[in-house]
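Please treat every number below as a calculation from the coordinates, not as lab data. Please read these numbers as outputs of a predicted model, since none were measured by experiment. Glycine also receives a Cβ, built like all others from the backbone with ideal geometry; neighbour counts cover every protein chain displayed.
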Amino acid sequence: MLGPRRGEANGFEISLDAELPQWQWWFSLVRSSAEDLYSGRSVRRSWDEAWAGKGGAIWTGARWTASVGVTIHSGWPITLLQLVDGQLVAGDLNAQDLRTFRTIDVRASRRLQLERSSLEFFVEFNNLLDYDNPCCVEYSLATNALGMAESLRLDEDSWLPAIPSLGFRWIF
């Protein structure tokens with residue numbers, strides 16, 4: 001059974017935020033490490049992000065609200081597999097990194113006040129610039145007629161593409 005004896009996470013975060021008339025904004029920068037101890041050796045956790053930055057702003061008017069949020073973080077660690085002389089061999093646990101993750105999300109909404117309730121209509125785009133954000137890997141093993149491994153292919157799967165949304169909220 002492969003299981004850590006203990007884990008440790010540490011780091012620091014610098015955050016700034018402000019509220020001004022009609023505006024709110026925030027920014028944070030994080031440097032961290034999340035590791036598990038296996039047989040006396042430290043190994044990065046699969047969700048470890050060595051660097052991460054987030055920020056955003058919200059503008060609120062009498063009837064309109066608009067916001068933007070930005071996220072960027074270092075790639076998550078993965079374990080690479082190789083095919084060596086027909087044998088599947090795992091590299092060091094979580095020793096490689098996926099590419100950097102980044103996204104920009106935007107939203108605009110309009111409020112209509114009714115006699116006893118209100119309606120809010122909104123449009124939003126998650127991952128507005130359609131960044132190809134890696135999330136995980138999948139391996140495909142090809143075998144010959146005798147069932148012997150012949151080739152190994154690594155496919156990197158991506159997080160969600162650009163996603164537009166339209167909607168409304170009825171508040172009563």
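Data for the structure
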{"item": "Among Trp159, Leu88, Trp23 the positive-end extreme of the charge dipole of region 6-171 (Cβ point charges)", "result": "Trp23"}
{"item": "Surrounding net charge for Asn126, when Lys and Arg each add one and Asp and Glu each subtract one, Cβ distance under 13 Å", "result": "-1"}
{"item": "Per residue convex hull volume, Cα atoms of region 1-82, in Å³", "result": "134 Å³"}
{"item": "Tail weight of P(r) past 30 Å, computed on alpha-carbon pairs of the chain, percent", "result": "43 percent"}
{"item": "Residue-count net charge about Trp26 - beta-carbon cut-off 9 Å; Lys, Arg +1, Asp, Glu -1", "result": "0"}
{"item": "Label-point gap, in nm, between Thr143 and Thr65 - each point 7 angstrom along Cα→Cβ", "result": "5.6 nm"}
{"item": "Positive-end extreme of charge dipole, the chain - chosen from Ala9, Tyr38, Phe125 (charges on Cβ)", "result": "Phe125"}
{"item": "Charged-residue dipole, Cβ positions (Lys, Arg, Asp, Glu), region 1-140 about Cα centre, Debye nearest 20", "result": "360 debye"}
